[in-house]
Amino acid sequence: MPAIILNNLPFPESDLSDEMPNLALGRFMTIWGQIEIVCNFLFRRITDLEPEVSTIVFDNVGTKEQIEMLVSLCDFLPRPEQKDRIKTLLERTREFGIKRNKIVHASWGLLNGEPARFWSGMTSAHFDQIRRETQKGKSLLQKFVLSASTLESLTAEMVSLRQELEAALGTVEIPEGPRSRRFQESEAKFREAMERSLAMRDAITWKDIPL
């Protein structure tokens, strides 16, 4: 049975004074913030928006919506292999985003003697399953309880993800941007419609019009 201690009122001084778990948490949050910045740059690049405009749009929706927008915007990318690569990276980002939400909305405690973050949404039923070490309990433990060493491992994975996202950002190829491309397509369709209209007008003679 896993040994679980969940810190509660009165909170122990170690919640703030213990450097190791707080450094692990701080590093995790730092790398997540860096990933968010790279995603902002991807959004700006793919949408061809002004930096100020893209930041207003991107920063005023939730993380889940940000990733969903980016995944959809990847369809504008001209090369299929590039689209697939960035979508795969964004799926990994989505998974880390879910973990990040659990970690932020969590409290410190101990799991088998090691500092760990316990998601605030855990119920007594969850704890009962974990203590009885059922199959569901083992899954809940991995999903909702993250030790300081696990945070360090996740941080290392996220550093790799950030580097891959940065590399992908540098390869995004939209020479004229979606806005200008759609404008040109719209203009081309308008010209075609006008040319057809003029051709039809020129083809009509007075004798074709009934009096």
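Return yes or no: is residue 11 touching a residue at least 12 places away in the same chain (Cβ under 8 Å) and not aliphatic (A, V, I, L, M)? No; evaluated as a whole, the condition is false for this residue.
A search for C-beta distances below 7 Å between a residue of the range 28-50 that is touching a residue at least 40 places away in the same chain (Cβ under 8 Å) and farther than 15 Å from residue 89 by Cβ and any residue that is open to solvent by 50 Å² or more (accessible area, probe 1.4 Å) and assigned to a helix (DSSP H, G or I), counting only pairs 6+ apart in sequence or on different chains, returns 48/179. When each of 110, 89, 140 is tested for being of a type in the set (A, V, I, L, M) and under 28 Å from residue 59 (Cα atoms), the lone residue that passes is 89.
The set of residues in the range 98-132 being part of a helix (DSSP H, G or I), aliphatic (A, V, I, L, M) and under 18 Å from residue 148 (Cβ atoms) consists of 103, 104. Within the range 78-103, the set of residues being open to solvent by 30 Å² or more (accessible area, probe 1.4 Å) and touching a residue at least 40 places away in the same chain (Cβ under 8 Å) comprises 78, 79, 85, 92, 99, 100, 102.
The rows are residues; the columns are (1) in contact with a Leu (Cβ under 8 Å, 6 or more places away or on another chain); (2) open to solvent by 80 Å² or more (accessible area, probe 1.4 Å); (3) more than 30 Å from residue 130 (Cβ to Cβ).
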{"site": "5", "(1), (2), (3)": "yes, yes, no"}
{"site": "9", "(1), (2), (3)": "no, yes, no"}
{"site": "16", "(1), (2), (3)": "no, yes, no"}
{"site": "32", "(1), (2), (3)": "no, no, no"}
{"site": "43", "(1), (2), (3)": "yes, no, yes"}
{"site": "64", "(1), (2), (3)": "no, yes, no"}
{"site": "76", "(1), (2), (3)": "no, no, yes"}
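Taking residue 61, is it touching a Lys or Arg at 6+ places or on another chain (Cβ under 8 Å) and either touching a residue at least 12 places away in the same chain (Cβ under 8 Å) or within 19 Å of residue 48 (Cα to Cα) (or both)? So residue 61 does not fit the description; no.
Every listed requirement among (1) farther than 30 Å from residue 135 by Cα; (2) in a loop (DSSP other than H, G, I, E, B) is met by residue 1 save one, (1). Exactly one of (1) open to solvent by less than 70 Å² (accessible area, probe 1.4 Å); (2) at pLDDT 95 or above; (3) more than 30 Å from residue 128 (Cα to Cα) is unmet by residue 153. Its number? The failed condition is (3).
Do we find a residue being in a helix (DSSP H, G or I), within 21 Å of residue 103 (Cβ to Cβ) and more than 19 Å from the chain's Cα centre (by Cα) anywhere in the range 52-68? No, the range 52-68 contains no residue that is in a helix (DSSP H, G or I), within 21 Å of residue 103 (Cβ to Cβ) and more than 19 Å from the chain's Cα centre (by Cα).
The values are calculated or read from the model by the stated rules, or taken from the named source; none is laboratory data. A quick note: this is a predicted structure, and the numbers were derived from the prediction, not measured. All Cβ positions, glycine included, derive from the backbone under ideal geometry; neighbour counts span all protein chains shown. Just the protein is used for accessible areas: all its heavy atoms, side chains included, with ligands, DNA and RNA removed. Shrake-Rupley method; radii C 1.70, N 1.55, O 1.52, S 1.80 Å.
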